[in-house]
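To start, the structure itself, in structure tokens.
The values are calculated or read from the model by the stated rules, or taken from the named source; none is laboratory data. Just so it is clear, the model here is predicted, and its values are computed rather than measured. With ideal geometry, Cβ positions are generated from the backbone for all residues, glycine too; neighbour counts draw on all protein chains shown. Keep in mind that these areas ignore ligands, DNA and RNA; they rest on the heavy atoms of the full protein, side chains included. Shrake-Rupley method; radii C 1.70, N 1.55, O 1.52, S 1.80 Å.
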Amino acid sequence: MEPIVDHIQITVADLDVAAAFYDRLMPLLGFDPERRSSAAIEKHDLRVVEWSHPRLCFAICSPRAAFAKEAVHRRKPGALHHLAFKAASREEVDALHAALVAIGAKIVSPPREYPEYAPAGYYAVYFKDPAGVKYEIVSY
């Protein structure tokens, strides 16, 4: 087996608020807005919005009602610490940083080189979505 991720689904606090943000973010990451879909599965107390790409499907979903008031914390056991998307160059990281600012992403760390990370030349921007889920765009 090859270690290829087929799809990612992240639970967000408010699906409507998150979907509005991700509708602006996903095209920046190479997802075609025409390949967006949504579904509701009432018996599972679940609503999902998905953006499909030939290499990866990315989805956000609603929390169970019992967890709706809980805050995101990336250091909880089982939580997503952060998710990194690979850029082709430092220039692309910089351009995406500008686009992230324009769509209202919360920039955690602007683009810079991280000499403490491997491989050499690790260059990244870190940002969060409206619920506090952390992302990275990296080139090396």
For the chain, report the accessible area per residue in Å² (1.4 Å probe, heavy atoms, rounded to an integer).
-> 61
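Grab the DSSP H runs of the chain that are 4 residues or longer, score each as -39,500 (n - 2.57), total them, divide by all residues and round the 222 nm result to the nearest 500 deg cm²/dmol.
Values: 2 runs with 28 residues, N = 140.
Counting only the DSSP helices, I get -6500 deg cm²/dmol.
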Scattering profile of the chain from the Debye formula, Cα beads only, expressed as log10 I(q)/I(0) at q = 0.16, 0.17 Å⁻¹, is -0.91, -1.02
All other residues with a Cβ under 13 Å from the Cβ of residue 37 taken together, and with Lys, Arg as +1 and Asp, Glu as -1, what is their net charge?
-> -1
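So for segment 32-115, Kirkwood radius off the Cα pairs, Stokes-Einstein at 20 °C and 1.002 mPa s: how many µm² s⁻¹? Numbers along the way, then the final one.
Working: Rh = 16.0 Å.
Answer from the Stokes-Einstein relation: 134 µm²/s.
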Running Debye on segment 46-90 with equal point scatterers at the Cα sites and no solvent, what base-10 log of I(q)/I(0) appears at q = 0.16 Å⁻¹?
-> -0.68
For segment 1-81, the Cα gyration tensor yields equivalent-ellipsoid semi-axes (√(5λ), largest first, whole Å) of 21, 17, 13
Centroid-to-centroid separation of segment 13-89 and segment 116-140 [C-alpha atoms, Å] = 18
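Eight or more residues apart or on different chains, and alpha-carbon atoms under 17 Å: count the Lys pairs in the chain matching that. Display every interim value, and only then the final one.
On the way: 76/128; 76/134; 86/128; 86/134; 106/128; 106/134.
Going through the chain pair by pair, I get 6.
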Segment 1-97, relative contact order [Cα under 8 Å, separation at least 6], % = 28
